[in-house]
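Worksheet: one structure, shown below.
The values are calculated or read from the model by the stated rules, or taken from the named source; none is laboratory data. Predicted model, so just to flag it, every value in this text is computed and none were measured. Cβ sites come from the backbone with ideal geometry, for glycine too, and all protein chains shown count toward neighbours.
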Amino acid sequence: MKISEIRKLLKNLISGDVYWDKEILEFYSVDASLYQIFPKIIVIPKSEKDVITTIKIANKNKISVTARGAGTGLVGNSLNEGIIIDLRNFDSINIQKNFVEIGAGVQKGSLDKALKKKHKFSAPNPSIGPYCAMGGIIGNNASGSKTIKYGSTLENLIEITFIDGKGKKIILPQNQTFGKKILRIAKKIDVSKFPKVSKNSCGYRLDSINSVQDAHKILAGSEGTLGIILSAKMKIRSLPKKRLLFVVEYQSVYDAASDCLKISKSKPSGLEFVDRDTLVNFDFEFKKNTKCLLFVEYDTNIDTKSKSFAKLVSGKISKKITKEKEIEKWWKYRDLALSFSLKSIKFQDRVPHIIEDATVPLEKLGELFSLIEKTNKKFHTKTIMYGHAGNGNIHVRIISKRKKIFLIDEISKYYFEHVFKLGGSITGEHGDGIARSWFIPKQYGPKNFKAFIELKKMLDPSNILNPNKITSHKKHLKKLEPL
Ligand SMILES: Cc1cc2nc3c(=O)[nH]c(=O)nc-3n(C[C@H](O)[C@H](O)[C@H](O)COP(=O)(O)OP(=O)(O)OC[C@H]3O[C@@H](n4cnc5c(N)ncnc54)[C@H](O)[C@@H]3O)c2cc1C
């Protein structure tokens with residue numbers, strides 16, 4: 001069938017909206033990455049039946065279907081050529097005592113508001129704040145400042161309802177037949193090749209499937225390649241009665257890194273890092289030679305932590321905050337680190353950010369900083385760094401002349417080769433997308449990659465769900481050309 005016929009067929013059969021206007025295709029051709037791919041059709045389904053119909057038509061006509069949340073992904077995960085399916089109408093929120101049932105299109109901000117009224121919160125809190133959707137949070141296995149204590153999305157999932165690549169509705173872990181099949185594939189992996197990090201959004205997380213009861217976790221970080229998520233049940237927790245936030249200044253990132261190890265043993269609810277370039281945006285006078293800050297939050301045993309913290313750290317404690325409003329203000333500074341860092345990079349010095357999300361075991365954090373320093377020396381680049389230090393997850397923005405764009409592949413190969421040696425993952429939370437899928441075979445080795453392909457074939461035999469991500473890649477659809 002021609003594209004024009006598929007468009008008309010979808011329009012006739014779907015109760016939701018179907019678009020192919022130039023402006024709308026343009027809107028869906030970009031996300032928060034530097035890539036651009038023009039899709040052919042946008043479907044905004046109203047019902048489960050609409051999603052199934054879309055997948056069945058796509059299957060017959062060999063056209064891809066890519067799920068879209070809010071499009072805030074940083075590596076082009078939600079961009080593709082065929083149909084983009086936007087789940088915004090799946091926006092129900094049903095709060096129970098210890099879990100919430102949410103539609104994939106629920107905005108994180110709406111969920112937070114609804115939970116706050118009941119004195120509850122949901123742990124995965126990407127720094128993008130209220131603007132992302134729950135389908136995207138699951139699709140990327142997103143995490144944030146609370147992950148050090150409460151885990152990433154994967155650890156907070158209880159159940160997932162999704163439509164697979166054949167148009168079949170599956171609920172995991174209830175559906176034992178599928179659960180058993182996933183477990184069988186999980187048993188084939190070489191676990192030693194999986195990074196021993198506290199969060200990981202690379203490839204398929206078959207390492208997290210230890211029983212049929214874990215089967216739903218496979219959707220976390222699957223980037224829309226295994227199924228279109230309709231809804232999920234996720235853990236929720238009671239809001240802490242009190243919080244305590246320390247802001248600590250360091251003259252060396254290596255001192256900060258070695259303190260992180262000690263601090264992590266004191267069970268903080270947040271342990272985050274920003275470097276010197278971010279500091280200039282804070283409404284606060286730091287010492288002249290300050291190279292970086294750690295943000296350390298506790299949400300239990302506040303009195304004890306308040307007294308004992310100073311003994312844990314070698315840096316200068318410049319803030320000790322207990323007032324909620326003030327705590328929120330300082331977390332905003334941390335959450336704005338990406339936009340602060342972009343402010344300090346001239347447009348012509350911004351290059352695609354392939355190495356921006358590596359994660360290493362916490363005891364290797366100092367070595368990761370050293371690797372960043374070596375990378376800068378070798379390639380004559382500069383970097384801005386910030387991130388989730390407590391998880392060994394540092395975001396790196398490279399500053400280099402755009403005309404040297406060809407260097408990015410070389411930098412990525414060098415950097416990731418060393419990240420592998422440190423036992424790390426190429427991505428702790430932002431996923432593989434267009435930028436990094438080509439590194440997955442190197443991350444996991446041929447045996448595990450074969451298991452990934454088997455899993456993909458089981459749930460999406462015609463490879464229509466977000467192709468060219470995770471198990472395959474189309475190299476470098478770069479929006480940016482050298483200036
Ligand atoms: C300023 C900024 C800060 C950020 N900070 C963080 C951070 O701290 N932590 C973090 O983890 N991430 C962060 N991110 C990355 C990103 O915002 C998050 O990962 C976010 O959760 C993505 O949600 P989204 O709705 O925008 O997803 P999208 O970008 O729309 O999609 C992401 C992936 O999920 C898939 N997907 C979406 N919906 C579904 C569905 N219904 N079914 C199946 N697959 C689906 C898509 O196909 C895609 O592969 C940040 C991004 C920005 C721009």
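Inspection of the stretch 243-266 identifies no residue that is within 16 Å of the ligand (Cβ to nearest atom), modelled with pLDDT of 95 or more and in contact with a Ser or Thr (Cβ under 8 Å, 6 or more places away or on another chain). Just one residue in the set D259, D207, D255 is farther than 30 Å from E285 by Cβ and assigned to a helix (DSSP H, G or I); that residue is D207.
Taken over the stretch 420-443, the criterion of being within 20 Å of K469 (Cβ to Cβ) and part of a helix (DSSP H, G or I) is satisfied by G433, I434, A435, R436, S437, W438, F439, I440, P441, K442, Q443.
Looking at I182, I148, I158, which one is closer than 28 Å to S64 by Cα and either surrounded by fewer than 22 Cβ atoms within 10 Å (Cβ to Cβ) or at pLDDT 95 or above (or both)?
I182
Residues in the stretch 373-410 that are buried (at least 21 other Cβ atoms within 10 Å of the Cβ), away from the ligand (no atom under 16 Å from the Cβ) and assigned to a helix (DSSP H, G or I): I408 only. Consider the stretch 72-109 and keep the residues that are within 18 Å of G227 (Cβ to Cβ) and in a strand (DSSP E or B). The one that is farthest from the ligand (Cβ to nearest atom) is E101.
Of all the numbered requirements in (1) under 28 Å from T54 (Cα atoms); (2) touching a residue at least 40 places away in the same chain (Cβ under 8 Å); (3) within 16 Å of the ligand (Cβ to nearest atom), I171 misses one, and that requirement is (2). Of all residues in the stretch 250-273, those that are over 23 Å from the mean Cα position of the chain (by Cα), charged (D, E, K, R) and over 15 Å from L312 (Cβ atoms) total 0. Hey, any hits in the stretch 9-30 for a residue that's among the charged types (D, E, K, R), under 24 Å from the mean Cα position of the chain (by Cα) and buried (at least 24 other Cβ atoms within 10 Å of the Cβ)? No, every residue in the stretch 9-30 fails to be among the charged types (D, E, K, R), under 24 Å from the mean Cα position of the chain (by Cα) and buried (at least 24 other Cβ atoms within 10 Å of the Cβ). Does K62 qualify as being without any contact (Cβ under 8 Å) to a residue 60 or more places away in the chain, over 25 Å from P352 (Cα atoms) and away from the ligand (no atom under 12 Å from the Cβ)? Spelling it out, it is not the case that K62 is without any contact (Cβ under 8 Å) to a residue 60 or more places away in the chain, over 25 Å from P352 (Cα atoms) and away from the ligand (no atom under 12 Å from the Cβ).
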